[in-house]
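Peer 1: Sending over a structure as C-alpha coordinates; questions will come in a sec.
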Amino acid sequence: MVYVASQGPLFSPGGDRGLYKTTDGGQTWKPILQITENTGITDLEIDPRNPGVMYAAAYQRRRNTSVIVAGGPDAAIFKTTDGGKNWKKLTEGLPTVDLGGIALAVSPQKPDVVYALIMTARVNKMSGYYRSDDGGEHWTRGAFKEVQDPEYYGEIFADPFQFDRVYAMDINVFVTEDGGKTVQNAFGGGGGGRGLGLHSDNHALAFDPTDQNHLIEGNDGGLYESYDHGRTW
(Lines give C-alpha, C1' and ligand atoms only; values in the text may rest on other atoms or scores of the structure.)
Protein backbone atom coordinates (compact mmCIF):
# COMPACT_ATOMS: atom_id res chain seq x y z
CA MET A 1 0.00 0.00 0.00
CA VAL A 2 1.47 3.32 -1.10
CA TYR A 3 0.22 6.91 -1.01
CA VAL A 4 1.33 9.72 -3.33
CA ALA A 5 0.64 13.40 -2.57
CA SER A 6 0.49 15.14 -5.93
CA GLN A 7 0.70 18.91 -6.31
CA GLY A 8 -0.30 18.73 -9.97
CA PRO A 9 0.84 20.74 -13.01
CA LEU A 10 2.87 23.85 -12.32
CA PHE A 11 1.53 26.12 -15.09
CA SER A 12 -2.04 24.90 -15.64
CA PRO A 13 -5.11 23.64 -13.78
CA GLY A 14 -6.26 20.03 -13.58
CA GLY A 15 -4.05 17.02 -14.13
CA ASP A 16 -3.32 14.29 -11.59
CA ARG A 17 -3.78 16.57 -8.61
CA GLY A 18 -4.60 15.29 -5.12
CA LEU A 19 -3.87 12.30 -2.89
CA TYR A 20 -3.62 8.93 -4.61
CA LYS A 21 -3.53 5.40 -3.19
CA THR A 22 -2.50 1.99 -4.49
CA THR A 23 -3.17 -1.31 -2.73
CA ASP A 24 -1.42 -3.52 -5.30
CA GLY A 25 2.11 -2.14 -5.27
CA GLY A 26 1.49 0.51 -7.90
CA GLN A 27 -0.27 -1.45 -10.64
CA THR A 28 -3.44 0.61 -10.17
CA TRP A 29 -4.14 3.90 -8.43
CA LYS A 30 -7.23 5.75 -7.27
CA PRO A 31 -7.68 9.31 -5.95
CA ILE A 32 -8.83 9.42 -2.33
CA LEU A 33 -8.67 13.19 -1.73
CA GLN A 34 -9.17 15.81 -4.42
CA ILE A 35 -9.89 19.47 -3.69
CA THR A 36 -10.14 21.60 -6.86
CA GLU A 37 -8.47 21.76 -10.25
CA ASN A 38 -6.11 24.39 -8.82
CA THR A 39 -5.30 22.74 -5.48
CA GLY A 40 -3.09 19.73 -4.92
CA ILE A 41 -1.86 17.79 -1.90
CA THR A 42 1.62 18.75 -0.80
CA ASP A 43 2.18 16.78 2.42
CA LEU A 44 0.90 13.62 4.10
CA GLU A 45 1.53 12.35 7.64
CA ILE A 46 0.44 8.97 9.06
CA ASP A 47 -0.19 8.17 12.73
CA PRO A 48 2.41 5.48 13.61
CA ARG A 49 -0.08 3.77 15.93
CA ASN A 50 -2.84 3.49 13.34
CA PRO A 51 -2.24 3.74 9.57
CA GLY A 52 -5.90 4.62 9.04
CA VAL A 53 -5.31 8.01 10.71
CA MET A 54 -3.70 10.46 8.30
CA TYR A 55 -3.25 14.21 7.91
CA ALA A 56 -3.01 15.87 4.50
CA ALA A 57 -2.09 19.43 3.52
CA ALA A 58 -3.74 21.02 0.49
CA TYR A 59 -1.85 23.76 -1.39
CA GLN A 60 -3.47 26.08 -3.96
CA ARG A 61 -0.74 27.21 -6.33
CA ARG A 62 -0.15 28.48 -9.87
CA ARG A 63 3.04 29.65 -11.56
CA ASN A 64 3.91 31.53 -14.71
CA THR A 65 7.05 33.18 -15.99
CA SER A 66 6.67 36.34 -13.92
CA VAL A 67 4.67 35.51 -10.79
CA ILE A 68 3.58 32.76 -8.41
CA VAL A 69 0.13 32.52 -6.88
CA ALA A 70 1.26 30.90 -3.64
CA GLY A 71 -1.99 30.32 -1.80
CA GLY A 72 -5.73 30.71 -1.72
CA PRO A 73 -9.00 29.82 0.01
CA ASP A 74 -8.77 26.10 -0.83
CA ALA A 75 -5.54 25.50 1.09
CA ALA A 76 -6.24 23.58 4.31
CA ILE A 77 -5.38 20.65 6.58
CA PHE A 78 -7.54 17.52 6.33
CA LYS A 79 -7.75 14.42 8.55
CA THR A 80 -9.06 10.91 7.95
CA THR A 81 -9.56 8.15 10.51
CA ASP A 82 -10.63 5.44 8.05
CA GLY A 83 -7.73 5.27 5.61
CA GLY A 84 -9.00 7.98 3.30
CA LYS A 85 -12.66 7.03 2.82
CA ASN A 86 -13.80 10.17 4.62
CA TRP A 87 -11.97 13.42 5.35
CA LYS A 88 -12.56 16.26 7.80
CA LYS A 89 -11.23 19.79 7.32
CA LEU A 90 -9.41 20.97 10.45
CA THR A 91 -10.02 24.61 11.38
CA GLU A 92 -10.12 25.21 15.16
CA GLY A 93 -7.29 27.61 16.05
CA LEU A 94 -5.88 27.82 12.51
CA PRO A 95 -5.69 31.09 10.56
CA THR A 96 -8.98 32.13 8.96
CA VAL A 97 -7.23 34.00 6.12
CA ASP A 98 -6.18 32.36 2.85
CA LEU A 99 -3.34 29.91 3.45
CA GLY A 100 -0.24 29.13 1.43
CA GLY A 101 2.12 26.19 1.76
CA ILE A 102 1.56 23.92 4.77
CA ALA A 103 4.05 21.38 6.15
CA LEU A 104 3.01 18.70 8.64
CA ALA A 105 4.70 16.38 11.14
CA VAL A 106 3.34 13.92 13.70
CA SER A 107 5.26 13.51 16.95
CA PRO A 108 6.97 10.09 17.06
CA GLN A 109 6.78 10.11 20.88
CA LYS A 110 3.20 11.34 21.28
CA PRO A 111 1.31 10.90 17.99
CA ASP A 112 -1.67 12.92 19.22
CA VAL A 113 0.68 15.91 18.94
CA VAL A 114 0.72 17.28 15.39
CA TYR A 115 2.92 20.13 14.16
CA ALA A 116 2.26 22.44 11.21
CA LEU A 117 4.34 25.16 9.59
CA ILE A 118 1.82 27.35 7.78
CA MET A 119 2.36 30.24 5.39
CA THR A 120 -0.20 33.03 4.96
CA ALA A 121 -0.21 36.30 3.06
CA ARG A 122 2.59 38.46 4.41
CA VAL A 123 0.21 41.31 5.18
CA ASN A 124 -1.47 39.04 7.76
CA LYS A 125 1.74 38.16 9.68
CA MET A 126 0.15 34.88 10.78
CA SER A 127 2.71 32.55 9.19
CA GLY A 128 4.56 30.22 11.49
CA TYR A 129 4.27 27.22 13.75
CA TYR A 130 0.98 25.71 14.90
CA ARG A 131 0.63 22.74 17.24
CA SER A 132 -2.23 20.45 18.19
CA ASP A 133 -2.27 18.24 21.29
CA ASP A 134 -5.45 16.37 20.36
CA GLY A 135 -4.94 14.98 16.88
CA GLY A 136 -5.72 18.18 15.02
CA GLU A 137 -9.01 19.06 16.69
CA HIS A 138 -7.59 22.23 18.26
CA TRP A 139 -4.47 24.19 17.33
CA THR A 140 -2.30 26.72 19.18
CA ARG A 141 -0.20 29.32 17.42
CA GLY A 142 3.53 29.39 18.11
CA ALA A 143 6.45 31.43 16.78
CA PHE A 144 6.23 33.54 13.66
CA LYS A 145 8.26 31.99 10.82
CA GLU A 146 8.20 32.62 7.09
CA VAL A 147 9.68 30.25 4.53
CA GLN A 148 11.54 31.88 1.66
CA ASP A 149 9.48 30.06 -1.00
CA PRO A 150 6.95 27.50 0.29
CA GLU A 151 6.60 25.71 -3.06
CA TYR A 152 10.32 24.91 -2.82
CA TYR A 153 11.14 24.92 0.91
CA GLY A 154 9.32 24.40 4.18
CA GLU A 155 9.36 20.67 4.96
CA ILE A 156 9.41 19.90 8.69
CA PHE A 157 10.80 16.83 10.47
CA ALA A 158 10.09 15.80 14.06
CA ASP A 159 13.09 14.38 15.92
CA PRO A 160 12.43 10.74 16.93
CA PHE A 161 14.79 11.05 19.91
CA GLN A 162 13.56 14.26 21.55
CA PHE A 163 9.94 15.26 22.02
CA ASP A 164 8.95 18.68 20.64
CA ARG A 165 12.17 19.11 18.64
CA VAL A 166 11.17 19.88 15.04
CA TYR A 167 13.46 20.88 12.18
CA ALA A 168 12.37 23.15 9.31
CA MET A 169 14.05 23.14 5.91
CA ASP A 170 14.68 26.52 4.27
CA ILE A 171 17.67 28.34 2.79
CA ASN A 172 19.09 27.56 6.24
CA VAL A 173 17.97 24.82 8.63
CA PHE A 174 15.89 25.98 11.58
CA VAL A 175 14.82 24.13 14.71
CA THR A 176 12.32 24.51 17.51
CA GLU A 177 13.03 22.70 20.78
CA ASP A 178 9.65 23.46 22.37
CA GLY A 179 7.08 22.44 19.81
CA GLY A 180 7.05 25.73 17.94
CA LYS A 181 6.99 28.30 20.73
CA THR A 182 10.47 29.52 19.76
CA VAL A 183 12.69 28.94 16.72
CA GLN A 184 16.39 29.38 16.02
CA ASN A 185 19.12 28.31 13.61
CA ALA A 186 19.86 24.60 13.84
CA PHE A 187 23.09 22.73 14.59
CA GLY A 188 24.70 25.60 16.47
CA GLY A 189 25.66 27.47 13.33
CA GLY A 190 24.82 31.13 12.82
CA GLY A 191 23.69 30.29 9.31
CA GLY A 192 21.59 27.26 10.17
CA GLY A 193 24.43 24.84 9.44
CA ARG A 194 26.14 26.79 6.68
CA GLY A 195 29.01 27.84 8.95
CA LEU A 196 29.63 24.16 9.69
CA GLY A 197 30.14 23.12 6.09
CA LEU A 198 26.50 22.41 5.27
CA HIS A 199 25.33 23.72 1.88
CA SER A 200 22.36 26.10 1.74
CA ASP A 201 18.90 25.47 0.21
CA ASN A 202 17.76 22.56 2.36
CA HIS A 203 14.95 20.08 1.73
CA ALA A 204 15.28 16.76 3.59
CA LEU A 205 16.49 15.34 6.90
CA ALA A 206 16.70 11.66 7.86
CA PHE A 207 17.40 10.14 11.28
CA ASP A 208 19.26 6.91 11.99
CA PRO A 209 16.90 4.94 14.29
CA THR A 210 19.90 3.28 15.98
CA ASP A 211 22.05 6.39 16.54
CA GLN A 212 20.62 9.78 17.52
CA ASN A 213 23.83 11.54 16.46
CA HIS A 214 23.76 10.18 12.90
CA LEU A 215 21.90 12.53 10.54
CA ILE A 216 21.61 12.61 6.75
CA GLU A 217 20.64 15.92 5.15
CA GLY A 218 19.65 16.68 1.56
CA ASN A 219 20.03 20.08 -0.08
CA ASP A 220 20.88 21.72 -3.39
CA GLY A 221 24.55 20.89 -2.84
CA GLY A 222 23.94 17.15 -2.52
CA LEU A 223 23.79 14.70 0.36
CA TYR A 224 25.47 15.55 3.68
CA GLU A 225 26.13 13.30 6.67
CA SER A 226 26.88 14.01 10.33
CA TYR A 227 27.89 11.60 13.11
CA ASP A 228 27.90 14.23 15.88
CA HIS A 229 24.34 15.57 15.56
CA GLY A 230 25.20 18.37 13.20
CA ARG A 231 28.33 19.78 14.80
CA THR A 232 30.29 18.73 11.71
CA TRP A 233 29.14 17.52 8.27
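Peer 1: When a/c reaches 1.5 or more, the comparison of a/b and b/c decides; with that in mind, is the stretch 136-233 rounded, prolate or oblate per its Cα gyration tensor?
Peer 2: oblate
Peer 1: If amide H atoms are built 1.01 Å from N in the plane of the peptide, which residues on other chains or at least 5 residues away come under 5 Å of the amide H of Gly8?
Peer 2: Those qualifying (amide H under 5 Å, at least 5 residues apart or on another chain) are Gly18.
Peer 1: Taking a cut-off of 22 Å between Cα atoms, list the lysines near Lys145, but don't count ones fewer than 8 places away on the same chain.
Peer 2: Counting by Cα, and skipping residues close in sequence, Lys145 has these lysines nearby: Lys125, Lys181.
Peer 1: How high is the relative contact order of the stretch 88-233? Use alpha-carbon pairs under 8 Å, at least six apart in sequence, and give a whole percent. Each step should come with its number before you reach the end.
Peer 2: Working: 351 pairs, mean separation 22.3, N = 146.
Once normalised by length, the contact order is 15 percent.
Peer 1: Kindly provide the trypsin sites (Lys or Arg not before Pro) of the stretch 69-132 that DSSP labels as loop, not H, G, I, E or B, and whose Cβ sees at most 14 other Cβ atoms within 10 Å.
Peer 2: Working: sites: Lys79, Lys85, Lys88, Lys89, Arg122, Lys125, Arg131; in loops: Lys85, Arg122, Lys125.
Taking the stretch 69-132 and a limit of 14 other Cβ atoms within 10 Å, the loop trypsin sites (Lys or Arg not before Pro) found are Lys85, Arg122, Lys125.
Peer 1: In addition: Kirkwood-based Rg over Rh for the stretch 59-109 (C-alpha set), two decimals? Spell out each step's value before the answer.
Peer 2: Values: Rg = 13.8 Å, Rh = 13.0 Å.
That ratio equals 1.06.
Peer 1: Then there's this: So what J values fall out for the stretch 37-42 if you push phi through Karplus, 6.51 cos²θ - 1.76 cosθ + 1.60 with θ = phi - 60°, rounded to Hz, Gly and Pro as x?
Peer 2: 5, 10, 10, x, 9, 10
Peer 1: Between the stretch 172-233 and the stretch 69-138, how far is it from one alpha carbon centroid to the other, in angstrom?
Peer 2: 24 Å
Peer 1: On to the next question. With a probe of 1.4 Å, find how much accessible area the stretch 92-233 has per residue, and write the answer as a whole number in Å².
Peer 2: On the way: 6150 Å² over 142 residues.
About 43 Å² of surface per residue is accessible.
Peer 1: On to the next question. Step through the residues of the stretch 44-49 one at a time and calculate ³J(HN,Hα) from phi using the Karplus curve (6.51 cos²θ - 1.76 cosθ + 1.60, θ = phi - 60°), rounding each to whole Hz and writing x for Gly and Pro.
Peer 2: Values per residue, Gly and Pro as x: 9, 10, 10, 5, x, 7 Hz.
Peer 1: Right, another one. Given a 1.4 angstrom probe, what's the average accessible area per residue across the stretch 1-60, in square angstrom?
Peer 2: Details: 2960 Å² over 60 residues.
Per-residue value: 49 Å².
Peer 1: Sort 102-109, 9-16, 166-173 for me by packing, meaning the mean count of neighbouring Cβ atoms within 10 Å per residue, highest on top.
Peer 2: 166-173, 102-109, 9-16
Peer 1: If you take the square roots of the eigenvalues of the alpha-carbon gyration tensor of the stretch 1-113 and sort them as a ≥ b ≥ c, do you get rounded (a/c under 1.5), prolate (a/b over b/c) or oblate? Working shown, then result.
Peer 2: Numbers: a/c = 2.17, a/b = 1.25, b/c = 1.74.
Here the stretch 1-113 falls in the oblate category.
Peer 1: Further question on the same structure: Normalised by the number of residues in the stretch 22-102, what is the relative contact order in percent for Cα pairs under 8 Å and 6+ residues apart?
Peer 2: On the way: 152 pairs, mean separation 21.0, N = 81.
It comes to 26 percent, rounded to a whole number.
Peer 1: Taking amide H positions as placed in the peptide plane 1.01 Å from N, state which residues far from Gly101 in sequence (5 or more) or on other chains have amide H under 5 Å from it.
Peer 2: Met119
Peer 1: While we're on this one: Leaving out ligands, DNA and RNA, and with a 1.4 Å probe, what % of the accessible surface on the chain is carbon or sulfur? Don't skip to the answer; put the middle values down first.
Peer 2: Values: 5460 of 10890 Å².
Within the chain, the accessible surface is 50 percent carbon and sulfur.
Peer 1: For the chain, just say rounded, prolate or oblate: build the C-alpha gyration tensor, square-root its eigenvalues into a ≥ b ≥ c, call rounded for a/c under 1.5, and beyond that prolate if a/b exceeds b/c, oblate if not.
Peer 2: rounded
The values are calculated or read from the model by the stated rules, or taken from the named source; none is laboratory data. Fair warning: this is a prediction, and the values are worked out from it, not measured in the lab. Virtual Cβ from ideal backbone geometry, glycine too; neighbours counted across all protein chains shown. Only protein heavy atoms, including side chains, enter the accessible area calculation; ligands, DNA and RNA are left aside. Shrake-Rupley method; radii C 1.70, N 1.55, O 1.52, S 1.80 Å.
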